[in-house]
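A.B. asks: Could you have a look at this structure, given as structure tokens, before my questions?
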Amino acid sequence: MYNSIVLVKQVPDTANISGKVMKEDGTVNRAKLPAIFNHEDKSALELALQIKDKFGGKVTAVTMGPARASDILRECLYMGADEVLLISDRKFAGADTLATSYVLSEAIKKVGDFDFIFAGRQAIDGDTAQVGPQTAEKINLPQITYAEEIIELSGKTVKIKRKIDGGHEILSAKLPVLVTVIKTAAEPRPFSAKRVMAYKNAKSLTDLESMAEGNSLLYVDALVHEYTSNSLFIPTMTMDDLKLDPARCGVNGSPTKVFKVESVVLAGGNHVTVEATKEGIGGLIDKLMEDHILG
Amino acid sequence: MKIYSNEVFVFIEQRGGKPADVSFELLCKGRKLADSMNGKVKAIVIGSNVEDIAKETFKYGANEAIVIDHPALKDYLTMPYTSIMNKLVGEQSPRIVLFGATIIGRDLAPRVASNTKSGLTADCTDLQISDVTYLKENFKNILLQIRPAFGGNIIATIITPENPVQMATVREGVMEKIAVKNPAEVKITKVEYVPSEIDKLVEIVEQYREESKVNLKAAPIIVSGGYGLGNKENFKLIYDLAHILGGEVAGSRAAVDAGFIPSERQVGQTGVTVRPKLYIAVGISGAIQHRAGMQEANKIIAINTDPGAPIFGISHYGIVGDATQVIPMFIETYKNKLK
């Protein structure tokens, strides 16, 4: 039996971003962007589920994010996660990777009892690949980044194949260990229809609060009780629940600051227009040959 | 005002006893950054029998090499390398620490930043020293860490104004590697390493390097395809054109993600940075991440159906048209010229 904690992140779909979705301070206004489940985190979850399928154990998916990040926790449940945890607090806003890793490491200590921590190698919004290692350092845990395949798992030892610069290596690690996973490590399984039916109504505290706000006959405490007893409550932890140091959370705990943001000028440029005809291209080739670039 | 160090640390990466190019590139950059602070550059060399590498760092601008030499450090391992760097950075509190944005650098730098509570910016495309005013406060000698962000439509300048240590990773090929004119006298400081129990929790079972047959960096001509080609079948045209021109084939990240070409051929911020004589970009829109990897090319030809594609903004020649028509036409015309 092996227990895994999987760190997942909801990310803005960065394929379509313009200056319009940026706030004045230079941070992105995520509310305006479509939010998706970071792909490599999904592969990380899949790897944890495969271990569970083979050896038994428990898979807990953890995310830090705004209330709507509960969307991806529901997806984790659809795929097969046993438990989920939303870490959410307005005071976490503006966190850089250091502040994020502080919060996550404290949450991990709270969940406890794990053999593996899995995470995607990096999230597509920042591509930094920093949160995994930064979290591991805070809990003094060995790590294997860029993991591609679990070669062998027995007793308290795991052998993992990972990418290195210009090749691969196989590492043998004593558990517990933090593993960051690249996309090719595992193809995420589709949602189970049965699980979608079971969990589509799973709600976080914020979800229930807004339900209660809209209806004077509903009480948050009663709703939490009801959803918990039906296994449909997505537990939420705040800064106070985790007894965190406010100076290390959110903007306050983030040493990196966005000093300046420049929109890339997309138009313009003084290029020579070449007609898409034989003559046009012929002329271009002549010029390149003349300049000794071709031929 | 707080008094900070004016030293720059550069982590010198070695794989199988060979120093990584990116480390020397960073030494050159570190030299410039240190000069503008009247400071020094220290090369941090970790490995087994790495004295020669340590000596070589002076060619590229080091004032001092700190060497940690131990048989257990022959190959990179997270825990021992981290504990060494944590100790050095923690004790000496350099103003700047630079790492290559390689797999090793990206494994190590975040741990050191986490341990020393330093700011860290990944994959910078430029680094500068400047005095800045941030939230009405003045800061001296701040490292401007410049990188594309959020899908590449934005260039962000990141600073860590209130931290004594500023850390950044930089991709290979982004900074230039040029030997300095007046290298400093070799000064090597050895630091002891004693393996601890936690350092032994992870071991290397085996390691194999797949010598890449692809050498984009050395190719004088590169034909590069993007997502705009639509499918793998059309992407063959890129190979055809590269073949006839005697060039190498490359692609954008979108082309790699779509499975048109293997990732070792990716040009851009998260791929290879190239400076060929000729770069032909076909069906590539020209996001800043891609540009970061090819804009230094001597001549750039863009072929795209969208006349508004940003790639035209940095091209020398632009052809608006469908690649499936333009490339065969290009190949045929070129063949005729060769006759």
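Bear in mind that the values in this text are calculations on the coordinates, not laboratory data. This one's a predicted model, so the numbers in the text were calculated from it and none came from an experiment. Using ideal geometry, Cβ is built from the backbone for each residue, glycine included, and neighbour counts are taken over all protein chains shown.
A.B. asks: Label-point separation (nm) for A:Phe55 and B:Asp306, each offset 7 Å from Cα along Cα-to-Cβ?
C.D. replies: Those two pseudo-labels are separated by 4.6 nm.
A.B. asks: Taking θ as phi - 60°, what are the ³J(HN,Hα) couplings along the stretch B:218-223 by the Karplus curve (6.51, -1.76, 1.60), each to the nearest whole Hz, with x for Gly and Pro?
C.D. replies: 9, 6, x, 10, 10, 10
A.B. asks: With a ≥ b ≥ c taken as the square roots of the eigenvalues of the C-alpha gyration tensor of the stretch B:216-338, please select rounded if a/c is under 1.5 and otherwise prolate if a/b is larger than b/c or oblate if it is not?
C.D. replies: In terms of gyration-tensor shape, rounded.
A.B. asks: Now a separate question. Using a 10 angstrom cutoff on alpha carbons, build the Gaussian network for chain B and name the most mobile of B:Gly251, B:Gly16, B:Gly47.
C.D. replies: B:Gly16
A.B. asks: Can you put A:Glu213, B:Glu56 in order of Cβ neighbours within 10 angstrom, beginning with the fewest?
C.D. replies: A:Glu213, B:Glu56
A.B. asks: Normalised by the number of residues in the stretch A:81-142, what is the relative contact order in percent for Cα pairs under 8 Å and 6+ residues apart?
C.D. replies: 38
A.B. asks: Sticking with this structure for a sec: Using the 10 angstrom Cβ neighbour count as an exposure proxy, how do B:Tyr193, A:Tyr102 rank, fewest first?
C.D. replies: B:Tyr193, A:Tyr102
A.B. asks: A further question follows. Step through the table entries B:Lys236/B:Lys299; A:Lys174/B:Lys74; B:Lys181/B:Lys299, compare each Cα-Cα distance with 28 Å, and write down the pairs that go over it.
C.D. replies: B:Lys181/B:Lys299
A.B. asks: Just for the Cα atoms in the stretch B:8-200, what are the lengths along the principal axes, largest first, rounded to whole Å?
C.D. replies: 49, 41, 31
A.B. asks: Taking amide H atoms as placed 1.01 Å from N in the peptide plane, list the residues 5 or more away in sequence, or in a different chain, whose amide H sits under 5 Å from that of B:Ala250.
C.D. replies: B:Val223, B:Ser224, B:Gly225
A.B. asks: Oh, and also: In the stretch A:116-199, how does Rg compare with the Kirkwood Rh, expressed as the Rg/Rh ratio over alpha carbon atoms? Don't skip to the answer; put the middle values down first.
C.D. replies: Values: Rg = 14.6 Å, Rh = 14.1 Å.
Rg/Rh for the stretch A:116-199 comes to 1.03.
A.B. asks: Another question about this same structure. What relative contact order, as a whole-number percentage, does the stretch B:216-338 give when Cα pairs under 8 Å and 6 or more residues apart are counted?
C.D. replies: Working: 262 pairs, mean separation 29.6, N = 123.
24 percent.
A.B. asks: With springs connecting C-alpha atoms under 10 Å apart, model chain A as a Gaussian network and identify which of A:Asp240, A:Asp165, A:Asp115 has the largest mean-square fluctuation.
C.D. replies: A:Asp165
A.B. asks: Calculate the FRET efficiency for B:His243 and A:Glu187 from the Cβ-Cβ distance with a Förster distance of 56 Å, rounded to the nearest 0.05. Numbers along the way, then the final one.
C.D. replies: On the way: r = 33 Å, r/R0 = 0.59.
According to the calculation, E is roughly 0.95.
A.B. asks: Taking amide hydrogens as modeled 1.01 Å from N in the peptide plane, which residues meet the under 5 Å criterion relative to A:Ile144, leaving out close sequence neighbours?
C.D. replies: A:Leu178, A:Val179, A:Thr180
A.B. asks: Residues with amide H under 5 Å of A:Met237's amide H, sequence separation 5 or more or different chain, H placed in the peptide plane at 1.01 Å from N; which?
C.D. replies: Hits under the 5 Å cutoff: A:Leu86, A:Ile87, A:Ser88.
A.B. asks: If you don't mind, another one. Test of understanding: extend the Cα→C-beta vector of B:Gln325 to 7 Å, then name every residue of the stretch B:215-237 with backbone N under 15 Å from that spot.
C.D. replies: Once the point is set 7 Å along Cα→Cβ of B:Gln325, nothing inside the stretch B:215-237 turns out to lie under 15 Å by backbone N.
A.B. asks: Now a separate question. If we count other beta carbons within 10 Å of each Cβ, what is the order of B:Asp107, B:Asp52, fewest first? Before the final figure, lay out each step's value.
C.D. replies: Working: B:Asp107 25, B:Asp52 10.
Final ranking by Cβ density, sparse to dense: B:Asp52, B:Asp107.
A.B. asks: If you don't mind, another one. How far apart, in nm, are the 7 Å Cα→Cβ label points at A:Lys200 and B:Ile178?
C.D. replies: Inter-label distance under the simple model: 6.4 nm.
A.B. asks: Classify the protein assembly as shown as rounded, prolate or oblate, taking a ≥ b ≥ c as the square roots of the eigenvalues of its Cα gyration tensor: rounded when a/c is under 1.5, otherwise prolate if a/b is larger than b/c and oblate if not.
C.D. replies: On the way: a/c = 1.62, a/b = 1.23, b/c = 1.32.
Because a/c hits 1.5 or more and a/b fails to exceed b/c, the protein assembly as shown counts as oblate.
A.B. asks: I need the phi-derived Karplus couplings for the stretch B:124-130: 6.51 cos²θ - 1.76 cosθ + 1.60, θ = phi - 60°, integer Hz, Gly and Pro marked x.
C.D. replies: For the stretch B:124-130, the Karplus curve yields 5, 9, 7, 9, 9, 9, 7 Hz.
A.B. asks: Past 21 Å, Cα to Cα, is the threshold; run A:Lys52/A:Lys159; B:Lys59/B:Lys177; B:Lys2/B:Lys136; A:Lys260/B:Lys2 against it and keep the listed order.
C.D. replies: Details: A:Lys52/A:Lys159 17 Å; B:Lys59/B:Lys177 10 Å; B:Lys2/B:Lys136 17 Å; A:Lys260/B:Lys2 24 Å.
As for pairs spanning more than 21 Å Cα to Cα, those are A:Lys260/B:Lys2.
A.B. asks: Moving on. What is the spin-label model distance, in nm, from B:Asn231 to B:Asp257 if the labels are put 7 Å beyond Cα along the C-beta direction?
C.D. replies: Taking the simple label geometry, B:Asn231 and B:Asp257 are separated by 2.1 nm.
A.B. asks: Once phi is turned into θ = phi - 60°, what whole-Hz ³J(HN,Hα) does the Karplus curve with 6.51, -1.76 and 1.60 give for every residue of the stretch A:163-179, x standing for Gly and Pro?
C.D. replies: 6, 10, 5, x, x, 9, 9, 10, 10, 10, 10, 7, 7, x, 8, 9, 10
A.B. asks: Note the full-extension length gain between B:Glu203 and B:Lys187 as 0.36 nm times their separation in residues minus their Cα-Cα distance, in nm to one decimal.
C.D. replies: 2.5 nm
A.B. asks: Using Cα-Cα distances under 8 Å and only pairs 6 or more residues apart, what relative contact order does the stretch A:196-255 have, in percent?
C.D. replies: So the answer I get is 34 percent.
A.B. asks: Moving to a separate point now. Under 1.5 on a/c is rounded, so check that first for the stretch B:220-267, then, if it is not, pick prolate when a/b is larger than b/c and oblate when it is not; a ≥ b ≥ c are the square roots of the alpha carbon gyration tensor eigenvalues.
C.D. replies: Cα axes put the stretch B:220-267 in the oblate bin.
A.B. asks: Near B:Lys42, which aspartates and glutamates are there with a Cα under 13 Å away, not counting those fewer than 8 places off in the same chain?
C.D. replies: B:Glu7, B:Glu56, B:Glu64, B:Glu185
A.B. asks: Now, a different point. Expressed as a whole percent, how much of the Cα-Cα distance distribution for the stretch A:4-253 exceeds 27 Å?
C.D. replies: Summing the P(r) of the stretch A:4-253 above 27 Å gives 36 percent of all pairs.
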